[in-house]
Amino acid sequence: MPPFHPRLADLPREIAVFPLPGAVLLPQGRLPLNIFEPRYLAMTLDSLARGRVFGMVQPDPRAPRGETGPGLYRVGCLGRLSSFSETEDGRLLITLTGVIRYRIVEELPLASGGYRRVRAEYGDFAADLDLACDAPGLDREELLSALRPYFRARGIEANWDAVEQAADAMLVTTLAMVCPFEVPEKQALLEVPDACERARMLVALMRMGAAANAAPPEGRPS
């Protein structure tokens with residue numbers, strides 16, 4: 001068992017959040033971040049002193065802007081600072097390891113450091129804390145058959161040995177986090193209930209992405 005494995009009742013109800021479009025964290029996934037804005041430097045340092053956790057969330061392009069900044073999607077993921085280093089120019093290089101998804105109940109006033117905070121509810125995502133949870137029933141062959149042409153169409157290099165060796169659930173988590181989908185697509189991948197549904201969505205998105213990249217420009221023959 002990893003050193004940090006909280007019970008649902010132990011999770012913080014008020015958390016700092018880092019709104020970042022296109023950056024989705026999933027439970028047990030690992031997200032490297034380069035922190036340089038003053039408010040997020042303050043957030044990271046405060047988090048190190050207060051449980052080493054904060055939430056990732058995407059701004060919602062359809063939501064109106066509020067007093068604290070862009071509107072946010074209502075579902076994000078709590079992450080734990082699992083690695084941390086400081087550069088000579090004052091940046092912080094960190095890795096967040098996903099713990100559990102949360103639903104934003106309300107946004108709170110800005111912290112003294114200028115970063116955003118929310119009240120979070122985790123009950124809908126209690127299954128995220130089950131470390132033994134894999135992806136029974138996942139069609140790995142279908143996933144890989146969609147992945148190869150998608151990567152080829154997008155010019156993405158892959159370590160195929162590592163892909164083949166990855167456990168099913170972790171492979172799905174990693175692909176959902178690293179594939180360059182649009183913000184709404186990333187959010188949809190975050191919000192699906194489990195790895196099997198996430199894999200089916202990945203297959204559909206990758207097939208559409210590969211087809212779009214392979215299509216000839218409009219008005220020109222193929």
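Is there a residue being hydroxyl-bearing (S, T, Y) and within 22 Å of K186 (Cβ to Cβ) anywhere in region 45-52? Scanning region 45-52, I find no residue that is hydroxyl-bearing (S, T, Y) and within 22 Å of K186 (Cβ to Cβ), so the answer is no. Considering the conditions (1) under 17 Å from D168 (Cα atoms); (2) surrounded by 15 or more Cβ atoms within 10 Å (Cβ to Cβ), Y102 is excluded by exactly one of them, (1). Scanning region 24-41 for residues that are at negative phi, assigned to a loop (DSSP other than H, G, I, E, B) and either surrounded by fewer than 17 Cβ atoms within 10 Å (Cβ to Cβ) or in contact with a Ser or Thr (Cβ under 7 Å, 6 or more places away or on another chain) (or both) turns up L26, G29, F36, E37. The set of residues in region 127-157 being surrounded by 13 or more Cβ atoms within 10 Å (Cβ to Cβ), within 30 Å of F18 (Cβ to Cβ) and modelled with pLDDT of 90 or more consists of D128, L129, L143, L147, Y150, F151, R154.
Going by the conditions given, is Y73 modelled with pLDDT of 95 or more, within 24 Å of A169 (Cβ to Cβ) and in contact with a helix residue (DSSP H, G or I) (Cβ under 7 Å, 6 or more places away or on another chain)?
Yes.
Within region 160-176, the set of residues being without any contact (Cβ under 8 Å) to a residue 24 or more places away in the chain and within 21 Å of L25 (Cα to Cα) comprises A162, V163, A166. Within region 42-101, being under 16 Å from P19 (Cβ atoms), in a loop (DSSP other than H, G, I, E, B) and of a type in the set (D, E, K, R) holds for D60, R62, R65, E67, R74.
The values are calculated or read from the model by the stated rules, or taken from the named source; none is laboratory data. As the structure is a prediction and not an experimental result, all values here were calculated from the model. Neighbour counts are summed over all protein chains in view; Cβ atoms, including those assigned to glycine, are modelled from backbone coordinates with ideal geometry.
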